[in-house]
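Before any comments, here is the structure.
The values are calculated or read from the model by the stated rules, or taken from the named source; none is laboratory data. Only a predicted model underlies this, so the values are computations on that prediction, with no experimental measurement involved. Positions of Cβ are generated from backbone atoms using ideal geometry, with glycine treated the same way; all protein chains shown enter the neighbour counts. Remember, those area values only see protein heavy atoms, side chains included, never the ligands or the DNA or RNA. Shrake-Rupley method; radii C 1.70, N 1.55, O 1.52, S 1.80 Å.
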Amino acid sequence: MGSYFLHEFCHWLSLRATSPGTLVRWEMTPLRISLLVRNTPSPRAAALNAAAGPLGPAVVGCVVLLIRPLLPAAMSGTVQAIGWLCLGHILFLIPPSTDGLTVLFELTKRGQLS
């Protein structure tokens, strides 16, 4: 659940930096954490914000996997699983996931991908 919170937190940080006037609402259920966004000011901001969610945990996953050899052997398996779980968030950039579709749609709508 922590990697999904980090995913949504990265969306939130990106929104605060690129779209301060955007309406944001946290939605939490026992099985899901979501950030609901309304009125993103530009397609570029929407694409950046959509990409920020998966990229944050993916970077953390890479760091965790890189430092794993420095940790005690007893922690190796758990740390490796956490690293791969976080790195797996990169798959959210591939359509048909919501983040992947948003990035693709906003970039093509803007004419940046043709």
Summarise the accessible area of the chain (1.4 Å probe, protein heavy atoms) by the percent that is carbon and sulfur.
-> 69
Roughly what angle does helix 43-67 make with the longest principal axis of the chain, taking Cα atoms, 0 to 90 degrees, to the nearest 10?
-> 10
Rolling a 1.4 angstrom probe over the protein heavy atoms, how many square angstrom per residue are accessible across segment 30-114?
-> 62
For the residue pair Leu36 and Ser97, what label-to-label distance in nm results when each label sits 7 Å from Cα along the Cα-to-beta-carbon direction?
-> 2.2
For the chain, with only Lys/Arg (+1) and Asp/Glu (-1) charged at the beta-carbon, what is the dipole magnitude about the Cα centre, in debye rounded to 20?
-> 200
Return the FRET efficiency for the residue pair Phe105, Ala81: r is the Cβ-Cβ distance, R0 is 35 Å, and the value is rounded to the nearest 0.05.
-> 0.60
Ellipticity estimate at 222 nm from DSSP helix runs (n ≥ 4, -39,500 (n - 2.57)) divided over the chain, nearest 500 = -19500 deg cm²/dmol
Scalar couplings 3J(HN,Hα) for segment 11-25 by Karplus 6.51 cos²θ - 1.76 cosθ + 1.60 (θ = phi - 60°), nearest whole Hz, x for Gly and Pro, are 4, 4, 4, 5, 4, 4, 7, 9, 9, x, x, 6, 7, 10, 9
Among Ala51, Tyr4, Leu70, the residue whose Cα sits farthest towards the positive end of the charge dipole of the chain, when +1 is placed on the Cβ of each Lys and Arg and -1 on the Cβ of each Asp and Glu, is Ala51
Please report the relative contact order for the chain, taking Cα pairs under 8 Å with a sequence separation of at least 6, and give it as a percent rounded to a whole number.
-> 27
